[in-house]
Amino acid sequence: MPDAYQPAPTGKATASFSILKDGVAAYPVAWSDTAGPHNVLSAISVFDRDCGSVHVQEKNEVAFRPFGLDIPDDLAGVCQKLKQLLVAEEAQLSAARHPVFATPTWNPTTDVGKILSTLAYNTDLATLETLGEMTAQEGLRLARLREDLQKNPVEAAAAQRLVADDVRRLILALGGYAVTYSDEALLKLKSLADIARETRAAATAAADKAFVGLSVSGVGGTTWRALWEAARRYAEHTAYPRKAFPHSEHEVCVLCHQPLTAEAKGRLQDFHQG
């Protein structure tokens, strides 16, 4: 249809093509619309909008591709190569990764465990290096552990049991001391001591009153009372068994072995009551 405004031609469409081959003009090629393809013109590919959509959106075997449409294929090849490089690098890093990070042996709640659990390429290792420094106290504990590990475990266990028994006995003793010397117990002892002092003072006053006017001093005192108790025990156990001291039937003094007069017996009774 050479002219849309003219009636359609009755014959077959024909054309004559002038072709450049390797930049040199060749003989014109005559073409007519026949059933079979032309042996020369069939090698020509026409690129239009429909052909562009085939290259970009659909899968098809294209005999001709314009310049510039090779970029997607090259980009896809680069992406595949990058993928291969990244997969190889990932495999290399996975092989170099220490197995301890797959099954951690550290406690994730400790300071070191928190750092190791979140270890990354940009982790600040200054804190981890600070935690790796051993203090003097930790050095002493390490030396003690090494010394303990070098000991015979049976002997060490026996020694520890002895120490534990000593500690238990010490705890029991301290517990007894705590009860004995508690505030309540000390206040009770103080009260008894106050009563004893008051009683001793009252007894001393009574003795002074009872023994006043005697020719010998010190009667009623500590030394005299020791003498009196010794005489009493001697009279009740040896001189006059089963009889209270002093007894009115005692005729002889247990100290001087002299006969007791009525006045002497009365004085013994006064001493006993004092």
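The values are calculated or read from the model by the stated rules, or taken from the named source; none is laboratory data. All values derive from a computational prediction rather than experimental measurement. Heads up, the Cβs are rebuilt from the backbone with ideal geometry, glycines too, and the neighbour counts pull from every protein chain shown.
Here the condition is being out of contact with any strand residue (DSSP E or B) (no Cβ under 8 Å at 6 or more places or on another chain), modelled with pLDDT of 85 or more and closer than 30 Å to D111 by Cβ; of A136, A164, A178, A158, it holds for A136 alone. Of all residues assigned to region 36-51, none qualifies as being farther than 24 Å from D70 by Cβ, at pLDDT below 85, part of a loop (DSSP other than H, G, I, E, B) and hydroxyl-bearing (S, T, Y).
Read through the list (1) surrounded by 10 or more Cβ atoms within 10 Å (Cβ to Cβ); (2) small (G, A, S); (3) within 60 Å of the chain's Cα centre (by Cα); (4) at pLDDT below 85, then give the number of the only condition that A102 fails. Status for A102: all satisfied but (1).
This table checks each residue for (1) of a type in the set (K, R); (2) modelled with pLDDT of 75 or more; (3) assigned to a loop (DSSP other than H, G, I, E, B).
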site: S217; (1), (2), (3): no, no, yes
site: W228; (1), (2), (3): no, yes, no
site: A231; (1), (2), (3): no, yes, no
site: A235; (1), (2), (3): no, yes, no
site: H247; (1), (2), (3): no, no, yes
site: H250; (1), (2), (3): no, no, yes
site: C256; (1), (2), (3): no, yes, yes
